[in-house]
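Below: one structure, written as structure tokens.
The values are calculated or read from the model by the stated rules, or taken from the named source; none is laboratory data. Since the model is a prediction, treat every value here as computed from it, not as a measurement. Counting neighbours? That spans all protein chains shown, and the Cβs are built from the backbone with ideal geometry, glycine included.
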Amino acid sequence: MGLIADTHGLLRPEAKEFLRTSDYIVHAGDIGDRGILGELEAIARVCAVRGNNDTEPWAAELRETELLTVGALAVYVIHDLADLRLEPDAAAVQVVVSGHSHKPMLERRNGVLFVNPGSAGPRRFKLPIAIGELLIEGASAAARIFDLKDARLLASL
């Protein structure tokens, strides 16, 4: 499963290349342009949530959160982790995917995998231009985050 966030209207060729083998793509908000979802949908099935900058009329069709069932896993998608209003472990969610901060992040909390693939759009400050993937096997999940500019692994968990 490909993970992307914070494109802000820019879908880089490197991002499309990275995602081309994905069977499913999750966009964790701040898409910036409806055309980006169309380009992603040409690659694989897409789940996208609305980010705080997705204020154009096309974005009204997007929900602020999504709950996906992928195999035996529940994956909760939200743009800003600060807006999380549920306890993932109590809600039987195994993975939370977010965006917003532009900072790539992988960590486990109470058995729940939290993933922020970072920003694949315009560079912000000195943060990397990044993208991620969720690797699902049965009822377990692992994730990796890559720097898009040099295809370097940034984090794995």
Lone qualifier among Ala142, Ala82, Ala74 - being without any contact (Cβ under 8 Å) to a residue 60 or more places away in the chain and within 20 Å of Ala59 (Cβ to Cβ):
Ala82
If a residue has to be part of a loop (DSSP other than H, G, I, E, B) and either over 18 Å from the mean Cα position of the chain (by Cα) or closer than 23 Å to Ser101 by Cα (or both) to count, how many in segment 44-70 make the cut?
11
Restricting the search to segment 89-109, which residues are closer than 20 Å to Thr69 by Cβ and without any contact (Cβ under 8 Å) to a residue 24 or more places away in the chain?
Asp89, Ala90, Ala91, Ala92, Val96
Taking Gly99 as the residue in question, decide whether it is outside any strand (DSSP E or B), in contact with a Ser or Thr (Cβ under 7 Å, 6 or more places away or on another chain) and at pLDDT 95 or above.
no
Matching residues, segment 44-62, being closer than 22 Å to Val75 by Cβ and surrounded by fewer than 17 Cβ atoms within 10 Å (Cβ to Cβ):
Ala44, Arg45, Asn52, Glu61
Report, by residue number, each residue of segment 21-33 that is among the charged types (D, E, K, R) and either surrounded by 15 or more Cβ atoms within 10 Å (Cβ to Cβ) or in contact with a Cys (Cβ under 8 Å, 6 or more places away or on another chain) (or both).
Asp30, Asp33
Among the residues of segment 34-41, is any surrounded by fewer than 17 Cβ atoms within 10 Å (Cβ to Cβ), among the acidic types (Asp, Glu) and under 27 Å from Ala91 (Cα atoms)?
no
Is it the case that some residue within segment 115-137 is part of a strand (DSSP E or B), more than 16 Å from Ala28 (Cα to Cα) and out of contact with any strand residue (DSSP E or B) (no Cβ under 6 Å at 6 or more places or on another chain)?
yes
Scanning for something of a type in the set (Val, Ile, Thr), out of contact with any helix residue (DSSP H, G or I) (no Cβ under 9 Å at 6 or more places or on another chain), crowded, with 17+ Cβ neighbours inside 10 Å and over 16 Å from Ile4 (Cβ atoms), does segment 99-112 turn up at least one residue?
yes
Members of segment 71-83 that are over 15 Å from the mean Cα position of the chain (by Cα) and modelled with pLDDT of 95 or more:
Ala82, Asp83
